[in-house]
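**Student:** Quick one: this structure, given as C-alpha cells, is what I'll be asking you about.
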Amino acid sequence: MAGLLAARVLTAHFERVTLIERDRFPAGPVFRPGVPQSRHLHVLWTRGREIVELLFPGLEDTLRAAGAEEVRVPADVLWLTSAGWRERFDVTSLLTFSRPLLDQAVRSRLTGPPGGDRKAVDVLDGHRVTGLIPRGGDVAGVILGDDGELHADLVVDATGRASRAPEWLAALGHPAPPETRVDPLLGYASRCYAIPPGFDPGWKALYIQADPPATRRTGGLFPQEGGRWICSLSGAGRDYGPVGETAFLDFAKGLRSPVLYEAIRDAEPLTPIVAFRRTANHRRHYERLPSWPQGLVVTGDAACAFNPIYGQGMSVAAVAALVLDRCLRDPRPGFERRFQRGAARSAAGAWLVATGEDLRYRETEAAPVRLRTRLINAYVDEVVATANVDRRVCERLVHVLALMAAPASLFTPVVLARVAARRVRRPTPVTMPARPA
Ligand SMILES: Cc1cc2nc3c(=O)[nH]c(=O)nc-3n(C[C@H](O)[C@H](O)[C@H](O)COP(=O)(O)OP(=O)(O)OC[C@H]3O[C@@H](n4cnc5c(N)ncnc54)[C@H](O)[C@@H]3O)c2cc1C
C-alpha cells in the first residue's frame, strides 16, 4: 500500500514511474504471498480513507460497488474498551472491505488509463530488487538480481518490514539507522465467516479489547464484501491467537465479553484459520542519520511498522505519500532527507499511541518503561473511561485513533475539564449498548 500510494504521487512529478513487485500481481482481489497480513482484519482509518480518495477520486464508489460496507464508529460498533462498553456515538465512519479488495482497487486505478496529473505507470511484477545502483554515495537505480538493472532519478523503498535498506545504505558507505523496537509479543489468528442470513442484532461490527495488564486478548469482527465477516483474534504477551478449530472458539469465548463468540459459534466458516506473529512496533530512524544519499527515500513499514492491532499502518503510509508530494513540489537538493524527517514526524503520533498501549503489557519487550509513560497511560485510562460516556471526549479520542488529530489534543483544557468532571460524578458504567444512541 505504501508503494502504491507513493507511486501515485510520483506520477505527478516524474515522466516515468515503474512499480516493481516481487509477486506476480493477481488479476482479481485475491491473496498474494507478498502481503501475508492481508488475510487478517484491516481497518482503513478515516485519515487514510480521505487520502486514498484524494489520490484516486471515486475509489470509494468502486469499493462500495464491490460490496464494501459503511460502518459508523462507534455507532455501528459494539465496542468494549478497557474501561467498559462505549456509548454508540456517531463520530466517524469506516468503509470495511478485505485488504485484497483495497489493494486491487488501488492497483487498477494506478496502473489504469492516466488522467488528471496522473501519468501512466509501468509495472514490473515478478521482479525482486536485490540492491541499489551506487553513484558515489548516492543512488542511481535498483539491481534486479539476475534480471539486470533499472536506472532511476529516485528510488522509493516500500518493501515493508523486511526492507533491506539498512544493508543497502551500508554498501553505499552510510551508517545504519538507529532502531527502536517495542514488541508486545502479539499474535493474530483470523478466519472469515458467512454472515447468517437475516442477522440483525443492532450492530455491524464488534471490537472487544484487552484490559492490560490484567487481560491480553482482543477480538474484532467486521463485515467485508461478499456478505462475510472477518474475525481476527489476537493476544499479547505470547498469548497468541490459536489456529486450532476448538482453540479458536475457546479463545473467542475467553474474551472479556462472550458476544463475539456467540456471533461466530454457529456461523459458517469460509476460510481456514491463519496466524500472523510479526507484529512488533519497529522504527528505523532514517531521519537521524548524519548522511543520506540523493535518489532514495524509504517509506511505509520499511521505515516505521506498528503493532497492527491499532489499525494505523496503511493510514501512516498514506500520510507519508502526501509528505512525499510536498517534498517533490520543492525538489531542492536534500528533499530526500526532508522527506525522511517529515515522514518520521507524521508517524510520531501513531507511534506514541501504539507503543504507549503496548507498554501496559508486562511481557512487552522494550527499553524500561519511563515514569512519564506510566503517568500518560494513567491519564489515558481516564480519557478512555470518559470517552465511553461523553460524546465530545469520545470524538477527540476517536479522532486521535483515526489519525485525524494528534495525541496532544487529548490534553487540551476542554478534555481535561470533562475528564475531571467525570471523575467527580463517577457515572454508572455503561451496560452493553443495544442500539446507537
Ligand atoms: C496482521 C496485520 C493486520 C494489520 N491490520 C491493519 C489495519 O487494520 N489497518 C492498517 O492501516 N494497517 C494494518 N496493518 C499494517 C499494514 O498491513 C501495513 O502497514 C501496510 O500494508 C503498509 O505496508 P507497506 O506497504 O509498507 O508494506 P507491505 O504491505 O509489507 O508491502 C511490501 C510489498 O513489497 C514487496 N516486496 C518486498 N520486498 C521486495 C523486493 N525486494 N523486491 C520487490 N518487491 C518486494 C512485497 O511483496 C509487498 O508487496 C496490519 C498488519 C498486519 C501484520
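**Student:** Taking the stretch 381-403 on its own, how many of its residues are within 17 Å of PRO413 (Cβ to Cβ), open to solvent by less than 30 Å² (accessible area, probe 1.4 Å) and within 21 Å of the chain's Cα centre (by Cα)?
**Tutor:** The number of residues fulfilling the criteria is 2.
**Student:** Can I ask one more? So which residues in the stretch 307-343 are open to solvent by less than 10 Å² (accessible area, probe 1.4 Å) and within 7 Å of the ligand (Cβ to nearest atom), if there are any at all?
**Tutor:** Selection gives GLN312, SER315, ALA317.
**Student:** Something else now. For the stretch 57-70, name all the residues that are within 16 Å of the ligand (Cβ to nearest atom) and of a type outside the set (Asp, Glu).
**Tutor:** Result: LEU59, LEU63, ALA68.
**Student:** Given the structure, is VAL123 more than 9 Å from the ligand (Cβ to nearest atom), in contact with a helix residue (DSSP H, G or I) (Cβ under 6 Å, 6 or more places away or on another chain) and not in a helix (DSSP H, G or I)? Spell out how you get there, then give the answer.
**Tutor:** Numbers: more than 9 Å from the ligand (Cβ to nearest atom): yes; in contact with a helix residue (DSSP H, G or I) (Cβ under 6 Å, 6 or more places away or on another chain): yes; not in a helix (DSSP H, G or I): yes.
Judged against the criteria, VAL123 is a match.
Here is a yes/no grid of residues against (1) more than 16 Å from the ligand (Cβ to nearest atom); (2) not in a helix (DSSP H, G or I):
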| position | (1), (2) |
| --- | --- |
| VAL9 | no, no |
| ALA12 | yes, yes |
| LEU19 | no, yes |
| VAL30 | no, yes |
| HIS42 | no, yes |
| ARG72 | yes, yes |
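**Student:** Residues being surrounded by 23 or more Cβ atoms within 10 Å (Cβ to Cβ), assigned to a loop (DSSP other than H, G, I, E, B) and touching a Lys or Arg at 6+ places or on another chain (Cβ under 6 Å): count how many of those fall in the stretch 202-249.
**Tutor:** Looking only at that region, the number is 2.
**Student:** I'm checking my understanding of the structure. Among residues of the stretch 159-184 that are open to solvent by less than 40 Å² (accessible area, probe 1.4 Å), among the aliphatic types (A, V, I, L, M) and assigned by TED's automatic domain parsing to the domain that holds ALA320, which one is farthest from the ligand (Cβ to nearest atom)?
**Tutor:** If we take residues in the stretch 159-184 being open to solvent by less than 40 Å² (accessible area, probe 1.4 Å), among the aliphatic types (A, V, I, L, M) and assigned by TED's automatic domain parsing to the domain that holds ALA320, then LEU172 is farthest from the ligand (Cβ to nearest atom).
**Student:** Would you be able to tell me the number of residues in the stretch 293-306 that are near the ligand (Cβ under 9 Å from one of its atoms) and either open to solvent by 20 Å² or more (accessible area, probe 1.4 Å) or of a type in the set (Gly, Ala, Ser) (or both)?
**Tutor:** Residues in the stretch 293-306 being near the ligand (Cβ under 9 Å from one of its atoms) and either open to solvent by 20 Å² or more (accessible area, probe 1.4 Å) or of a type in the set (Gly, Ala, Ser) (or both): 5 in total.
Yes or no, residue by residue, for (1) open to solvent by less than 20 Å² (accessible area, probe 1.4 Å); (2) at pLDDT 95 or above; (3) out of contact with any Ser or Thr (no Cβ under 7 Å at 6 or more places or on another chain):
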position	(1), (2), (3)
ALA75	yes, yes, yes
LEU78	yes, yes, yes
GLN104	no, yes, yes
LEU110	yes, yes, yes
PRO114	no, no, yes
ASP122	no, yes, no
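**Student:** Is it the case that THR386 is among the β-branched types (Val, Ile, Thr), more than 24 Å from PHE222 (Cα to Cα), within 15 Å of the ligand (Cβ to nearest atom) and modelled with pLDDT of 95 or more? Before you say what the answer is, go through the steps one by one.
**Tutor:** Details: among the β-branched types (Val, Ile, Thr): yes; more than 24 Å from PHE222 (Cα to Cα): yes; within 15 Å of the ligand (Cβ to nearest atom): no; modelled with pLDDT of 95 or more: yes.
No: the conditions fail for THR386.
The values are calculated or read from the model by the stated rules, or taken from the named source; none is laboratory data. Here the structure is a predicted model, which is why all the values come from computation and not from measurement. Please note: Cβ atoms are built from the backbone with ideal geometry, for glycine as well, and neighbour counts cover all protein chains shown. Keep in mind that these areas ignore ligands, DNA and RNA; they rest on the heavy atoms of the full protein, side chains included. Shrake-Rupley method; radii C 1.70, N 1.55, O 1.52, S 1.80 Å.
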